[in-house]
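Presented below is the structure to which this report refers.
The values are calculated or read from the model by the stated rules, or taken from the named source; none is laboratory data. The structure displayed is predicted, hence computed values, not measured ones. Because the Cβ atoms are built from the backbone with ideal geometry, glycine has one as well, and the counts that use them run over all protein chains shown. Calculation scope for accessible area: heavy atoms of the full protein, side chains included, ligands and nucleic acids excluded. Shrake-Rupley method; radii C 1.70, N 1.55, O 1.52, S 1.80 Å.
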Amino acid sequence: MADRNGRIKAVIARNISDILMFELKNSHIGMPSVNEVVVANDYSVAKVYVSFLGAKYPTQNLEELNRCKGFVRSSLAKKMDLRKVPNLVFILDDIFYKEEKINAALKREEEQLQKAKEGKE
């Protein structure tokens, strides 16, 4: 039982991912992807980090997902063998959006360096 918390996080992540993909019938959410789950030590709260693939407005998708979290939690309770299913808190994992901004900034910087080199030659 040394890594019980890790096993529970993995099971919660897999089950929530399945629920979002196959059971949730809300077209406003789009394509959610569960990136990470952090469970409190007493298993009362699970923070679920999600991203939305190809979404123009991920914060609106997150709001819509939070409206459906009661359904997701009840479906999770049916799939898991826990005495108490944790409360779910969906959090937008914006690492992909930050990566895009950084890549765009690096590309602009590289283009400026190329222009500066061409100007010196």
*Sorted from largest down, give the three principal axis spans of the alpha carbons of the chain, whole angstrom values.*
72, 38, 19
*Can you tell me the 0 to 90 degree angle between the C-alpha axis of helix 58-67 and the longest principal axis of the chain, rounded to 10?*
10
_Suppose every Lys and Arg Cβ carries +1 and every Asp and Glu Cβ carries -1, with no other charges. What dipole size does the chain come out with about its Cα centre, to the nearest 20 debye?_
500
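In the structure displayed, which of Lys9/Lys47; Lys9/Lys101; Lys69/Lys98; Lys56/Lys101; Lys25/Lys98 lie more than 18 Å apart, Cα to Cα?
On the way: Lys9/Lys47 10 Å; Lys9/Lys101 30 Å; Lys69/Lys98 26 Å; Lys56/Lys101 15 Å; Lys25/Lys98 29 Å.
Lys9/Lys101; Lys69/Lys98; Lys25/Lys98, as the Cα separations exceed 18 Å there.
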*Give the angle, between 0 and 90 degrees and rounded to the nearest 10, that separates the Cα long axis of helix 95-120 from the longest principal axis of the Cα atoms of the chain.*
10
*Could you work out which residue, out of Leu76, Leu106, Leu53, moves most in a Gaussian network model of the chain, that is, has the largest mean-square fluctuation with Cα springs under 10 Å?*
Leu106
_Looking at the chain as a GNM with Cα springs under 10 Å, which of Ala46, Ala105, Ala55 has the largest mean-square fluctuation?_
Ala105
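Using the crude model of +1 on Lys and Arg Cβ and -1 on Asp and Glu Cβ, and no other charge, please compute the dipole size for region 34-75 relative to its Cα centre, in debye to 20. Before the final figure, lay out the partial values.
On the way: 5 positive and 4 negative charges, 23 e Å.
Dipole of region 34-75, to the nearest 20 debye: 120 debye.
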*Alpha carbon convex hull of region 8-70, projected area averaged over orientations, nm²*: 4.2
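For Met31, Met80, what's the largest-to-smallest order of accessible area, 1.4 Å probe? Could the numbers behind the result be given before it?
On the way: Met31 100, Met80 25 Å².
Highest to lowest solvent-accessible surface, that is Met31, Met80.
Pop the C-beta distance of Glu110 and Asn35 into the FRET formula with R0 = 30 Å and round what comes out to the nearest 0.05.
Calculated transfer efficiency: 0.55.
Report the extension gain between Arg7 and Lys47 in nm, rounded to one decimal, defined as 0.36 nm multiplied by the number of residues separating them, less their alpha carbon distance. Provide the component values of the computation, followed by the final result.
On the way: separation 40, 0.36 × 40 = 14.40 nm, distance 1.52 nm.
Stretched fully, the Arg7-Lys47 segment lengthens by 12.9 nm.
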